[in-house]
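Participant: The structure's right below; bear with me while I get my questions together.
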Amino acid sequence: MALIKTISGFRGTIGGVPTSNLTPLDIVSCTAAFGQWILSCDVPKKVIIGRDGRISGDLVSALSCNTLLALGIDVVDVGLSTTPTVEVMVPKLSAGAGIIFTASHNPKEWNALKFLNHKGEFISAEIGKTILELEAKNEFVFSEVDNMGSYQKYENAIDEHIADILKLEYLDVNKIQESKFHVVVDCINSTGAISIPPLLDKLGCTYELLNGEINGQFAHNPEPLPAHLIELCDKVGRTHAHLGIVVDPDVDRLAFVADHGVFFGEENTLVAVADFVLSKKKGNTVSNLSSTRALSDITKKHGGEYFASAVGEVNVVNKMKESDAVIGGEGNGGVILPDLHYGRDALVGIALFLNLLAERNISCSELLKEYPKYEIRKHKIQLNDQMDLDMIFAKLKEKYAGEQINTVDGLKIDMKNGWVHLRKSNTEPILRVYSESSSAEEADQLAEMIINDVKSLC
């Protein structure tokens, strides 16, 4: 059981002891700190809230909502929704902030409060630090009875989000409709079941839903990785569907299964969508340091420049703004399209990917063959108090001075035949070691080489 308080929000397991798990007391305290920060800012005292399909969603949402009302803050509740939908609705409804109740890809016993600013973007590290300090002080002042906030339900958020996607100037809805795609969708018992079907209806697709009941009883591990998608791959292959679609419970991560039931690869989600966007709108791209080199390759092919950011969506967004990127995201299947909003959005990713297939008149498996073949591997090193990471990183920089070195987030060593990224975990006493090369074997060899270097310096 756990409770994790970070600069981006509060996440934990439901039940148990306060301050050790995400209990009602913790939910109220965390929300009150966020609300107090809102009250100190020159923004509308109105918050948009929405949740994924988790079992605890109603409970967490109600506790948080009523805490905001007790602080004198108005609440607009979009109910069962998606993370990108809530992000879109914050500026659309002229709110001062937003909260999404979702633990993303974590199992069903988890939930979280993710905080948005008035732009519908995740709060900065500085703001997150302020909220953590307010929560630790626990000195909240609630409104008197005549000054409590108002509550309003909002029913059309997902429809409005989809309408905004369909208005994108380079999205050819007619071309997609003419292709008559048949799709299998794994909704993972959450809000993909109420957001993806209406989008596919508008795009003229037929579809079958797997795990389409919104009950929070996730039919499999909710992270969209190959080991968890056996049912979807089998269904796509057996029904001769054009492709399969899978999202995480809050619909901000996206992965595809190609025809014949072959996993397209979540790293390739952003690569393919960027390939389409860059063919319509020249510009730069951004992903985090642990994402595939293929995005850089595709960007250069289209005449743009690739930039790498620290891990974390807010860091990707900041780098996108700095570099004036037209598309960006994360290798975990997160697509960020500034023309829509600065947040990972599986719904816009689906639309753009289908447009790419329709425009090129190509199957999903044929498209996959067009992209550079890379394999990413993930390892870890257990940390202890005797390990001096600053010294270790400095020595590694000296040893690999002839390679491209990036220290924005840990240490990344970029070599001709691949890269290795070392990054201290925010939640565990481990050093994460990510590596990429043209094969899994070579990626493992690169990782093993650097891991041995680290151990020799301990």
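Just so you know, all these numbers are worked out from the coordinates, no wet-lab data involved. From a predicted model like this one, the values you see are computed outputs, not experimental measurements. Don't worry about glycine lacking a Cβ; one is built from the backbone with ideal geometry, like all the others, and counts go over all protein chains shown.
Participant: Could you state the principal axis extents of the C-alpha atoms in region 142-257, from the largest down, to the nearest angstrom?
Facilitator: 61, 36, 19
Participant: Which residue, chosen from VAL88, GLN404, THR31, occupies the Cα position most advanced towards the positive end of the dipole of the chain, where the dipole is computed from +1 (Lys, Arg) and -1 (Asp, Glu) charges on Cβ about the Cα centre?
Facilitator: With unit charges placed on the Cβ atoms, the residue in question is GLN404.
Participant: Oh, and also: May I ask for the percentage of alpha-carbon pairs in the chain that lie more than 27 Å from each other? Please report the intermediate quantities before stating the final value.
Facilitator: On the way: 57398 of 104653 pairs.
So the portion of pairs separated by more than 27 Å is 55 percent.
Participant: Using only the Cα atoms of region 33-98, what do you get for the radius of gyration and for Dmax, in Å?
Facilitator: So, for region 33-98, Rg and Dmax equal 11.5, 35 Å respectively.
Participant: Counting only helical runs of four or more DSSP H residues, what would the 222 nm mean residue ellipticity of the chain come to if each run contributes -39,500 (n - 2.57) and the total is spread over all its residues?
Facilitator: Per the formula, -11500 deg cm²/dmol.
Participant: While we're looking at this one, here's another question. Pop a pseudo-label 7 angstrom from the Cα along the beta-carbon direction at both VAL17 and GLU370 and give the gap in nm to one decimal.
Facilitator: 5.7
Participant: Here's another thing I want to ask about it. Full-extension gain between ILE4 and LYS129, please, as 0.36 nm times their residue separation minus the C-alpha to C-alpha distance.
Facilitator: Full extension from ILE4 to LYS129 adds 43.6 nm.
Participant: Work out, step by step, the length gained on full extension between ASN156 and ILE230: first 0.36 nm times the residue separation, then minus their alpha carbon distance; give nm to one decimal. Intermediate results must be reported in sequence, preceding the final value.
Facilitator: Details: separation 74, 0.36 × 74 = 26.64 nm, distance 3.38 nm.
Difference between extended and current length: 23.3 nm.
Participant: Using the Cα centre of region 308-458 as origin and beta-carbon charges of +1 (Lys, Arg) and -1 (Asp, Glu), tell me which of TYR342, ALA308, GLY329 is placed farthest towards the positive end of the dipole.
Facilitator: It is ALA308.
Participant: Take TYR170, TYR306, TYR207 and order them by how many other Cβ atoms sit within 10 Å, fewest up front.
Facilitator: Fewest to most other Cβ atoms nearby, the residues stand as TYR170, TYR207, TYR306.
Participant: Give me the net charge of ARG54's neighbourhood, meaning all other residues with Cβ under 14 Å from the Cβ of ARG54; Lys, Arg count +1, Asp, Glu -1.
Facilitator: Its environment carries a net charge of -2.
Participant: Find how much the distance from LYS280 to GLN382 grows on full extension, using 0.36 nm per residue of separation minus their present alpha carbon separation; answer in nm with one decimal.
Facilitator: 32.2 nm
Participant: Do you know the relative contact order of region 375-456, to the nearest whole percent, from alpha carbon pairs under 8 angstrom that are 6+ apart?
Facilitator: 35
Participant: When only alpha-carbon atoms count, how far does region 267-369 stretch along each of its three principal axes, as whole angstroms with the largest first?
Facilitator: Principal extents (largest minus smallest coordinate, Cα): 35, 26, 23 Å.
Participant: When ranked by the protection proxy of mean other Cβ atoms within 10 Å per residue, highest first, what sequence do the peptides 343-351, 149-157, 374-382 form?
Facilitator: Ranking, from highest mean packing down: 343-351, 374-382, 149-157.
Participant: Normalised by the number of residues in the chain, what is the relative contact order in percent for Cα pairs under 8 Å and 6+ residues apart? Before the final figure, lay out the partial values.
Facilitator: Numbers: 1020 pairs, mean separation 53.6, N = 458.
It comes to 12 percent, rounded to a whole number.
Participant: What are the extents of the Cα atoms of region 66-176 along their three principal axes, in Å, largest first?
Facilitator: Its Cα atoms span 57, 33, 29 Å along the three principal axes.
Participant: What are the semi-axes of the equivalent ellipsoid for region 375-456, taken as the square roots of 5 times the Cα gyration tensor eigenvalues, largest first, in whole Å?
Facilitator: 19, 15, 11
Participant: How far is it, in nm, from the label point at ILE405 to the one at GLU208 when both lie 7 Å from their Cα along the line to the Cβ?
Facilitator: In this crude label model, ILE405 to GLU208 measures out at 5.4 nm.
Participant: For GLU169, what is the net charge nearby, where nearby means another residue's Cβ is under 15 Å from its Cβ and Lys, Arg count +1, Asp, Glu -1? Please list the in-between numbers first.
Facilitator: Details: positive: LYS167, LYS175, LYS280, LYS281, LYS282; negative: ASP164, ASP172, ASP339, GLU359.
Overall, the nearby charge balance is +1.
Participant: Which one, VAL173, ILE158, THR130, is farthest towards the positive end of the dipole of region 129-176 when Lys and Arg carry +1 and Asp and Glu -1 on their Cβ?
Facilitator: Projecting each Cα onto the dipole axis, the largest value belongs to VAL173.
Participant: Arrange the peptides 89-102, 4-17, 438-451 so that the one whose residues have, on average, the most other Cβ atoms within 10 Å appears first.
Facilitator: Ranking, from highest mean packing down: 89-102, 4-17, 438-451.
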